[in-house]
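Student: For reference, the structure I am asking about is given below.
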Amino acid sequence: MPVYHPPRITPSHITARDVYLSRRHFLGGAAGLLVGAGLFGAPARAAALQTIPGPHGTDEPLTPKDIVTSYNNFYEFGTGKSDPLNRSGAYRPEPWTLTVDGLVARPQTFDMDELMRSFPLEERIYRMRCVEAWSMVIPWAGFPLRALLDKVEPLGSAKHVAFVGLKRPEEMPGQRGMFQPMRWPYVEGLRLDEARHPLTILATGVYGETLPRQNGAPIRLVVPWKYGFKGIKAITRIALTEHQPPSSWNMMQPEEYGFYANVNPAVDHPRWSQARERRISGGGFLSGSEHRPTLPFNGYGEEVAQLYAGMDLKAHY
Ligand code: MTE
């Protein structure tokens, strides 16, 4: 099993924003100017974040910021890919609190600012594979979920972690009206060992700034070896439970969306193949995408396969 080496934090690791920007070159060209001007919806509150380099990086080219922040799934704002950007203007992700409770010795409600101060933010550049067969490479800023879990001291009886999103129809137009694609709030879950895995993070930023609304402000889950729908956005509560918690997509279509949702080229979605994926890489809006084979566990098999030793991953999809 590969060993996780937590990054050492030294002052030289704190990257100034201008250095970060020039290193990543992500604001190059006209797209960068548009993003800088906020035309792709970065909210006015977006603040630069200081991050330390995190482990598990990749040299694959990043998906441009304008695509990462404009091609989204966030059904609270509608089911179209541009709805989260275009229909989230009324959403107020601050002030915000996150409650962590359930089977823990020290249940706590954290204020978002306090949370941001409590944990050093790491830059985690991860592949993200949507169950819809597109993928991106995204530079998140966040901290390991297990650091937060350690603070509340899970009891021995805790075996799973449940996540709860936000129900606020007055700010979330996708939660209003007759047609509702799902029950609100959005919910998700992990096994405790998955939640404690070093790859699993709570992200509070992307591309060196606080998360824009459409990407799940102010805090979301990122589990890079699983399909993107596990990455619940706008989390209000995390509860440690004994039994497997419900998950929104699984409740809607259990035969299409399993609880585990590990990226697996050998298990097709009932309506399409998962053997290949479309890497959205830019060069014009969605025009620069490239088809490539899907990797088991989204390429993180060395790190996570042992979590599922002895399990039939076709049955536990
Ligand atoms: N979280 C909430 N609260 N609501 C959602 O509709 N969609 C999920 C996930 N988290 C969703 C959510 C899906 S299907 C995907 S693929 C990812 O968010 C998309 O994340 P992104 O828009 O930042 O790429």
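Rule-based calculations on the coordinates, nothing more; no lab input. From a predicted model like this one, the values you see are computed outputs, not experimental measurements. Glycine gets a Cβ as well: all are built from the backbone with ideal geometry, and neighbour counts include every protein chain shown.
Student: For the subset of region 287-317 comprising residues that are assigned to a helix (DSSP H, G or I) and charged (D, E, K, R), which member is farthest from HIS56 (Cα to Cα)?
Tutor: Top of the filtered list is GLU302.
Student: So, in region 151-183, exactly how many residues are within 15 Å of the ligand (Cβ to nearest atom), within 30 Å of HIS197 (Cβ to Cβ) and among the aliphatic types (A, V, I, L, M)?
Tutor: Matching residues across region 151-183 total 4.
Student: Can you name every residue in region 144-175 that is within 21 Å of THR58 (Cβ to Cβ) and either surrounded by fewer than 21 Cβ atoms within 10 Å (Cβ to Cβ) or among the hydrophobic types (A, V, I, L, M, F, W, C) (or both)?
Tutor: LEU145
Student: If I ask for residues that are under 20 Å from GLN180 (Cβ atoms) and near the ligand (Cβ under 9 Å from one of its atoms), which ones from region 217-239 would you list?
Tutor: PHE229, ILE232, LYS233, ALA234
Student: What number goes with the only condition from (1) crowded, with 21+ Cβ neighbours inside 10 Å; (2) in contact with a His (Cβ under 8 Å, 6 or more places away or on another chain) that ARG129 does not pass?
Tutor: All conditions are met except number (2).
Student: Can you spot a residue in region 240-257 that is of a type in the set (A, V, I, L, M), closer than 20 Å to PHE110 by Cβ and more than 12 Å from the ligand (Cβ to nearest atom)?
Tutor: Checked region 240-257: at least one residue is of a type in the set (A, V, I, L, M), closer than 20 Å to PHE110 by Cβ and more than 12 Å from the ligand (Cβ to nearest atom).
Student: So, in region 57-81, exactly how many residues are over 20 Å from THR210 (Cβ atoms) and more than 10 Å from the ligand (Cβ to nearest atom)?
Tutor: Result for region 57-81: 6.
Student: Does region 107-123 contain any residue that is buried (at least 21 other Cβ atoms within 10 Å of the Cβ), among the aromatic types (Phe, Trp, Tyr), in contact (Cβ under 8 Å) with a residue 12 or more places away in the chain and part of a strand (DSSP E or B)?
Tutor: No, region 107-123 contains no residue that is buried (at least 21 other Cβ atoms within 10 Å of the Cβ), among the aromatic types (Phe, Trp, Tyr), in contact (Cβ under 8 Å) with a residue 12 or more places away in the chain and part of a strand (DSSP E or B).
Matching residues to (1) β-branched (Val, Ile, Thr); (2) buried (at least 20 other Cβ atoms within 10 Å of the Cβ):
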{"position": "PRO53", "(1), (2)": "no, no"}
{"position": "ASP59", "(1), (2)": "no, no"}
{"position": "PRO64", "(1), (2)": "no, yes"}
{"position": "THR69", "(1), (2)": "yes, yes"}
{"position": "LYS81", "(1), (2)": "no, no"}
{"position": "PRO84", "(1), (2)": "no, yes"}
{"position": "ARG92", "(1), (2)": "no, no"}
{"position": "THR99", "(1), (2)": "yes, no"}
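Student: On to the next question. Please go through region 233-246 and pick out each residue that is crowded, with 19+ Cβ neighbours inside 10 Å and closer than 24 Å to GLY205 by Cα.
Tutor: Hits for region 233-246 are LYS233, ALA234, ILE235, ILE238, ALA239.
Student: Which condition breaks for ALA141 when tested against (1) within 16 Å of the chain's Cα centre (by Cα); (2) surrounded by fewer than 16 Cβ atoms within 10 Å (Cβ to Cβ)?
Tutor: With respect to (1) within 16 Å of the chain's Cα centre (by Cα); (2) surrounded by fewer than 16 Cβ atoms within 10 Å (Cβ to Cβ), ALA141 is out only on (2).
Student: Next up: Count, please, the residues in region 197-216 that happen to be within 10 Å of the ligand (Cβ to nearest atom) and not hydrophobic (A, V, I, L, M, F, W, C).
Tutor: 4
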